[in-house]
Amino acid sequence: MYMKEPTQRISIRALTLWRLYGIIQAGIVALLVMGTGVLTYLFDWPMWPILSISIVLALIIILNIGIIPSVRWKRWRYDVRDQEIELQYGLFIITRTLIPMVRVQHVDTEQGPLLRKYRLATISISTAATTHKVPALDEREAEELRHSISSLAKVAEDDV
């Protein structure tokens, strides 16, 4: 039996956040390119190291700023039901995970400085085996989701 994909999406502001992460990564590689360029000039090294790092920089810019955030946002979906939580995510390989409510031990919200700046939060759903995350939710939605999952998990636990 085929189940339809989850319907809830993460915040559209996740695109901006993930592109910012890509810019930070590109900046680090750009510093590496500049450092290699200076060393190439000072020590008369061959040009291939700077050219290869420059190609890596171009790929990081194209992929991590242009393509991957959009695909990642389109694929990330979730649903919270009475008996389970369903997650769907991935770039090339799409993973769908069902987390039974009776397995949920606790739910946390996480918020680093960049998430806080964009008023986003990540939900962490802990089971005995692992922790599942729903990234880049609006702060209010994350709080509501945390309370909702916590309540549903308690009810599911009481039913067992």
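The values are calculated or read from the model by the stated rules, or taken from the named source; none is laboratory data. In this text the structure is predicted, and so the values were computed from the model without any measurement. So basically every Cβ, Gly included, is an ideal-geometry build from the backbone, and we count neighbours across all protein chains shown. To get the accessible areas, we keep the full protein, side chains included, count just its heavy atoms, and leave off ligands, DNA and RNA. Shrake-Rupley method; radii C 1.70, N 1.55, O 1.52, S 1.80 Å.
With the charge dipole of region 1-116 set up from +1 on Lys and Arg Cβ and -1 on Asp and Glu Cβ about the Cα centre, the Cα lying farthest toward the positive end among the listed residues 30, 104, 3 is that of 3.
How high is the relative contact order of region 97-141, given as a whole-number percent (alpha carbon pairs under 8 Å, six or more residues apart)?
This gives 34 percent for region 97-141.
About its Cα centre, region 1-154 has a charge dipole of approximately 240 debye under the convention of +1 per Lys or Arg Cβ and -1 per Asp or Glu Cβ, with nothing else charged. Which label belongs to the value computed from this structure, given these candidates for volume of the Cα convex hull per residue in Å³: [x] 184; [y] 102; [z] 138? So the structure-derived entry is [z]. By a 1.4 Å probe calculation restricted to protein chains, residue 52 has an accessible surface near 50 Å², given to the nearest 10. Solvent-accessible surface of protein heavy atoms, probed at 1.4 angstrom with all chains present, puts 78, 41, 21, 118 in the order 41, 21, 118, 78, largest first. The trypsin sites (Lys or Arg not before Pro) of region 58-160 that meet both conditions, a loop assignment by DSSP and at most 14 other Cβ atoms within 10 Å of the site Cβ, are 81, 119. Straight-line reach from residue 117: taking Cα to Cα under 23 Å and skipping same-chain neighbours fewer than 8 places apart, the lysines in range are 74, 133. Summed over qualifying helices (DSSP H, 4 residues or more, each -39500 (n - 2.57)) and divided by its residue number, the chain shows a 222 nm mean residue ellipticity of -16000 deg cm²/dmol. Largest accessible area first, the residues 108, 82 order themselves as 82, 108 under a 1.4 Å probe with ligands, DNA and RNA left out.
Pairwise inverse Cα distances across region 45-117, averaged and inverted, put the Kirkwood hydrodynamic radius at 15.9 Å.
Mean sequence separation of contacting Cα pairs (under 8 Å, at least six apart), scaled by the length of region 60-157, corresponds to a relative contact order of 21 percent.
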